[in-house]
Amino acid sequence: MSLFIRSDRPGTTDDGPPADGSSADGGGAPGDGAAAHTGWRDRRPAAARALRRVTTALAAVVVLAALVVPDRLSAMGPDHFVRLPVEGLLGTALLIALPRRARRPAAVLIGLGLGVLVLLKCLDMGFYEVFARRFDPVFDWSLLADGEGYLTATSGRAYAVAATTGVVLLVLLVPALTVLSTVRLSRLVDRHGRGATRATLALGTVWVLCAALGLETADAPVASRESSAFVQERAGDVRASLRDREHFAEAAAHDAFAGTPGDRMLTALRGKDVIFAFVESYGRSAVEDPRIAPGVDAALADGTRTLRAAGFSSRSGWLTSPTYGGGSWLAHSTFLSGLWVPNQQRYRSVVTSDRLTLTDAFRRTGAWRTVGIMPGVTASWPEGGFYGLDHVYDSRDLGYRGPKFSWAPVPDQYSLSAFQRLEHGRPHDKPLMTEIILVSSHRPWAPVPEMIDWDRVGDGSVYDGISKRGKNPDEVWKDRSSIRTEYGNSIRYSVNSLVQYVAKYGTKDTVLVFLGDHQPSPVVTGSDATSDVPVAIVAHDQAVLDRTDGWGWSDGLQPAHDAPVWRMDTFRDRFLTAYGSRPAP
């Protein structure tokens with residue numbers, strides 16, 4: 001139904017035909033051909049009048065909804081729309097005060113502003129659901145392209161194209177709808193200026209009374225100022241984001257270990273094979289949320305016992321990730337660079353700098369061969385040079401011939417088996433420092449691989465049957481309890497892969513540090529979870545663990561609830577210091 005029904009023809013009113021009784025089309029007396037051009041509005045004036053009123057009412061509803069729609073799906077209830085937005089009253093007062101010729105352009109600008117407001121709130125809804133934060137209009141645009149890539153990987157190209165098309169249509173239609181609505185209402189002000197003035201004054205009085213009495217619905221005031229507050233907050237966010245580049249450059253310029261010579265780096269780990277492993281979406285909720293934790297905690301307890309039987313000891317604590325629900329690369333760069341990297345701008349800045357990373361510190365010594373196992377990387381990855389990796393094995397280099405498990409191109413056990421075949425199990429003249437990214441616990445957590453005998457892994461074709469037996473993501477995502485169950489199963493699988501690998505292939509010189517990169521999305525954790533992730537260190541040589549005595553970490557793979565919580569960017573310097581590195585003068 002068009003919101004742009006013409007009703008401002010010369011000589012007409014909003015409620016009926018011209019007052020002088022002549023034809024609305026300007027025709028003369030009967031018999032001069034006017035009847036042949038009579039429109040349906042003249043033939044059915046009652047229906048036309050009803051349609052105009054319904055259209056005007058719909059325009060008012062569109063404008064009201066645009067002003068009070070929340071920025072979170074969790075607040076999207078009928079009672080949230082029982083609001084009287086002050087912005088609507090001010091906008092109407094502006095139109096009344098403007099000269100008639102200026103009202104239409106002003107209405108168009110107001111409508112465009114409302115459209116942009118709604119689109120920003122829609123982006124916020126999506127980001128709160130996935131990242132537990134709102135959309136950053138300066139730095140987050142690249143994440144939209146990542147979302148399209150995620151849909152392609154998990155649901156297929158056709159689904160991703162359809163979703164992208166839907167988003168483009170939404171971007172076009174929402175501003176068009178709000179503009180048509182505001183223009184429609186501005187014409188109502190033109191025709192009924194006196195009545196519009198009275199109504200605005202009356203509603204303004206109601207707004208003041210509601211504000212004075214503190215009336216609320218859905219824990220929010222009926223006298224709403226949400227849209228103006230939203231705009232002010234977003235403007236502040238933009239200013240802060242633009243200033244962030246300068247602040248980050250200042251922080252990055254201070255590096256106590258930038259000038260430390262290689263022979264004074266990591267002296268307490270010489271001769272050790274060191275592995276840094278990131279477990280996708282392994283967050284605190286996996287260990288402490290009663291809806292998820294029982295299975296994961298049992299796996300951690302079993303893993304601690306398995307490692308102890310193989311001669312390994314372990315300690316664990318908590319780190320606070322800079323990201324939530326996604327953006328793993330932000331956590332990786334934070335952990336390894338010792339800089340807080342919560343957004344894409346900082347990530348681009350740090351990976352194009354000469355900042356010393358934890359992994360590059362091993363290469364600087366000249367005492368280690370540095371390797372990356374990156375099963376989630378499917379194209380060239382220039383960041384490998386920044387991280388100081390002599391060689392990177394991505395998904396194309398691991399020799400995998402099995403099926404994808406939803407997003408994950410390669411199962412975790414296969415990645416570790418390939419690492420053993422390609423690097424760790426081969427003779428080498430230097431110990432290895434390896435960064436491994438485990439991706440089987442990546443959203444949507446279905447189907448989840450199964451642990452198999454290491455001798456059966458082969459080229460991965462054995463996973464065909466396992467994938468077919470696994471659960472369908474579409475079925476899992478119909479119910480939140482099912483999502484949490486499969487998420488927990490995926491974490492158990494990733495942890496078991498690491499534990500069994502170390503127990504089977506680890507040596508007296510093996511040192512493993514593994515951690516989560518971030519919490520899973522709020523669909524798993526809820527909206528009030530922290531950004532903490534578990535971190536653990538495993539070693540056969542007790543002297544390696546003795547160097548962490550001052551950290552206050554818990555014994556075993558499961559950190560205690562009250563174990564220390566560090567920001568993730570502080571780990572680099574603590575680790576370097578604990579293992580013999582000394583800042584340059």
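Tally the DSSP beta bridges in the chain and give the antiparallel ones as a percent, rounded to 5. Write out the running numbers ahead of the final one.
Details: 19 of 46 bridges.
Within the chain, antiparallel bridges account for around 40 percent of the total.
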Q) According to a simple spin-label model (label point 7 Å from Cα along Cα-to-Cβ), what is the distance in nm between T197 and D354? A) 7.2
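Using a 1.4 angstrom probe, figure out how much accessible area the chain has per residue, in square angstrom, rounded to the nearest whole. Please list the in-between numbers first.
Values: 26260 Å² over 585 residues.
So the chain comes to 45 Å² accessible per residue, rounded to a whole number.
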Q: Using only the Cα atoms of segment 178-230, build the gyration tensor, take square roots of its eigenvalues as a ≥ b ≥ c, and label the shape rounded, prolate or oblate: rounded if a/c is under 1.5, else prolate if a/b is larger than b/c, else oblate.
A: oblate
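So if the hydrodynamic radius of the chain is defined as the Kirkwood radius over C-alpha pairs, what does Stokes-Einstein give as its diffusion coefficient at 25 °C and 0.890 mPa s, in µm² per second?
The Stokes-Einstein estimate is 88 µm²/s.
Can you compute the equivalent ellipsoid semi-axes for segment 469-585, i.e. the square root of 5 times each eigenvalue of the Cα gyration tensor, sorted largest first and rounded to whole Å? Provide the component values of the computation, followed by the final result.
Working: eigenvalues 211, 75, 27 Å².
Taking √(5λ) for each Cα gyration eigenvalue gives 32, 19, 12 Å.
For V171 and D549, compute 0.36 nm times the residue count separating them, minus their Cα-Cα distance, and round to one decimal in nm.
Details: separation 378, 0.36 × 378 = 136.08 nm, distance 5.54 nm.
That works out to 130.5 nm of additional length.
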**Q.** segment 93-149 versus segment 73-87: alpha-carbon centroid distance in Å
**A.** 17
Q) Going 7 Å from the Cα of V108 toward and past its Cβ, which residues in segment 167-194 have a backbone nitrogen under 19 Å from where you end up? A) 172-190
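Please report, in cubic angstrom per residue, the volume enclosed by the convex hull of the alpha-carbon atoms of segment 352-492. Before the final figure, lay out the partial values.
On the way: hull volume 17.6 nm³, N = 141.
Taking the convex hull of the Cα positions in segment 352-492, it is 125 Å³ per residue.
Need the full-extension length gain, K508 to Q542, defined as separation in residues times 0.36 nm minus the C-alpha distance. One decimal, nm. List each step's numbers first, then the result.
Details: separation 34, 0.36 × 34 = 12.24 nm, distance 0.99 nm.
So the chain would gain 11.3 nm between K508 and Q542.
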Q | Over the chain: helical MRE at 222 nm, DSSP H runs n ≥ 4 each giving -39500 (n - 2.57), nearest 500 | A | -15500 deg cm²/dmol
Q) Could you give me the ³J(HN,Hα) list for segment 184-197, computed from phi with Karplus coefficients 6.51, -1.76, 1.60 and θ = phi - 60°, whole Hz, x at Gly and Pro? A) 4, 5, 5, 5, 5, 4, 4, 7, 10, x, 5, x, 5, 5
(Q) Angle check, please: helix 226-252 long axis (alpha carbons) against the longest principal axis of the chain (alpha carbons), in degrees 0 to 90, nearest 10. (A) 30
Q | Cross-link partners of K508 among lysines (Cα-Cα below 18 Å; sequence separation of 8 or more within a chain) | A | K272, K430
Q: Using the Cα centre as the reference, give the magnitude of the dipole from point charges on the C-beta atoms of segment 104-245 (Lys, Arg: +1; Asp, Glu: -1; all else neutral), rounded to the nearest 20 debye.
A: 760
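Would segment 61-212 count as rounded, prolate or oblate if I go by the C-alpha gyration tensor, calling it rounded below 1.5 in a/c and otherwise prolate when a/b exceeds b/c, oblate otherwise? Show your work: numbers first, answer last.
Numbers: a/c = 3.06, a/b = 1.92, b/c = 1.60.
It is prolate, given that a/c is not under 1.5 and a/b is the larger ratio.
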Q: Pull out a ≥ b ≥ c, the square roots of the eigenvalues of the alpha-carbon gyration tensor of segment 38-125, then state rounded if a/c is under 1.5, prolate if not and a/b is larger than b/c, and oblate in the remaining case.
A: oblate
(Q) What whole-number distance in Å separates the alpha-carbon centres of segment 218-238 and segment 502-558? (A) 41
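By how many nm would the segment from S380 to V82 grow when fully extended, if each residue of separation counts as 0.36 nm and the alpha-carbon distance is taken off?
Working: separation 298, 0.36 × 298 = 107.28 nm, distance 5.20 nm.
Full extension from S380 to V82 adds 102.1 nm.
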Q: Report, to the nearest whole %, how much of the accessible area of the chain belongs to carbon and sulfur atoms, 1.4 Å probe, protein only.
A: 58
Q. Nearest 10 degrees, 0 to 90: what angle lies between the long axis of helix 141-155 and the longest principal axis of the chain (Cα atoms)?
A. 70
Q. Taking amide hydrogens as modeled 1.01 Å from N in the peptide plane, which residues meet the under 5 Å criterion relative to T260, leaving out close sequence neighbours?
A. A584
Q) Going down the list K404/K468; K121/K478; K471/K504, which pairs span over 22 Å between their C-alpha atoms? A) K121/K478; K471/K504
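The values are calculated or read from the model by the stated rules, or taken from the named source; none is laboratory data. Quick caveat: nothing in here was measured; it's all calculated off a predicted structure. Here the Cβ is made from the backbone with ideal geometry for all residues, glycine too, and neighbour counts use every protein chain on show. Side chains are part of the model used for accessible areas, which takes the heavy atoms of the whole protein and leaves out ligands, DNA and RNA. Shrake-Rupley method; radii C 1.70, N 1.55, O 1.52, S 1.80 Å.
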